[in-house]
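The values are calculated or read from the model by the stated rules, or taken from the named source; none is laboratory data. What you see is a predicted model; the values in this text were computed from it and never measured. All Cβ positions, glycine included, derive from the backbone under ideal geometry; neighbour counts span all protein chains shown.
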Amino acid sequence: MENRIITGTENVDDLPELLQIISLFYRAFNNKDLAGLRNNWATSGGLMIYNPGGGVRKSWEEIEVIYKGIFNAEFNVKAEFSDYTVVNFPNVFVVYGKETATISNGAAEPAVIDVRITRIYNLISGAWKQIHLHGSIDNPEALALYQRVTGIKNPVR
């Protein structure tokens, strides 16, 4: 599978099926489209998200709060996905790679931060739905910058 940068702006018809799902996630995220994110995620069952901007959340309602917070904040985030690997199993696929987030809050220089991302999708009623997201920032300075620019700390519970 060709490893191209996924931004959400690509023509999904030009992508293999599983990358179409990833592209639709980034399209919704980068356009602050909560309905599009809700369509990408399963909204019940064993969901989990763990990321530097929201800690551990285990329901769609809790996950939605994270996205609403990002979309309504005083900063703007655009993300793209690269250097990924897709592993497909019956009824499940896993994609892991690098997300590059550009965070701007009116400062002269936006913060550009790399996040290691793993997403798990499950085939539910004939549609691929995200059930798990793990994101981590390895570089302590980048994590501190992310938290400073966004004003979000990592509330792990």
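Of all residues in the range 13-38, those satisfying the criterion of being in contact with a Ser or Thr (Cβ under 9 Å, 6 or more places away or on another chain) and either small (Gly, Ala, Ser) or within 24 Å of ASN76 (Cα to Cα) (or both) are SER23, TYR26, ARG27, ASN30.
With the structure loaded, tell me whether SER104 is closer than 19 Å to TYR121 by Cβ, surrounded by 15 or more Cβ atoms within 10 Å (Cβ to Cβ) and of a type in the set (Gly, Ala, Ser) or whether it fails that test. No: the conditions fail for SER104. For PHE81, the test of being crowded, with 18+ Cβ neighbours inside 10 Å, at pLDDT 85 or above, in contact with an Asp or Glu (Cβ under 9 Å, 6 or more places away or on another chain) and on the phi < 0 side of the Ramachandran plot is passed. Of all residues in the range 42-91, exactly one satisfies the criterion of being free of Cβ contacts under 8 Å to residues at least 12 places away in the same chain, closer than 15 Å to PHE29 by Cα and assigned to a helix (DSSP H, G or I), namely VAL65.
Might you let me know whether the range 4-13 holds any residue that is over 18 Å from GLY69 (Cα atoms) and assigned to a helix (DSSP H, G or I)? Checked the range 4-13: at least one residue is over 18 Å from GLY69 (Cα atoms) and assigned to a helix (DSSP H, G or I).
If you go through the range 122-132 and keep only what is in a strand (DSSP E or B) and out of contact with any helix residue (DSSP H, G or I) (no Cβ under 8 Å at 6 or more places or on another chain), you end up with ASN122, LEU123, ILE124, ALA127, ILE131, HIS132. Out of VAL94, VAL65, VAL87, VAL112, report the one residue that is in contact with a His (Cβ under 9 Å, 6 or more places away or on another chain) and either more than 19 Å from GLN147 (Cα to Cα) or exposed (fewer than 14 other Cβ atoms within 10 Å of the Cβ) (or both). Exactly one residue qualifies, and that residue is VAL94.
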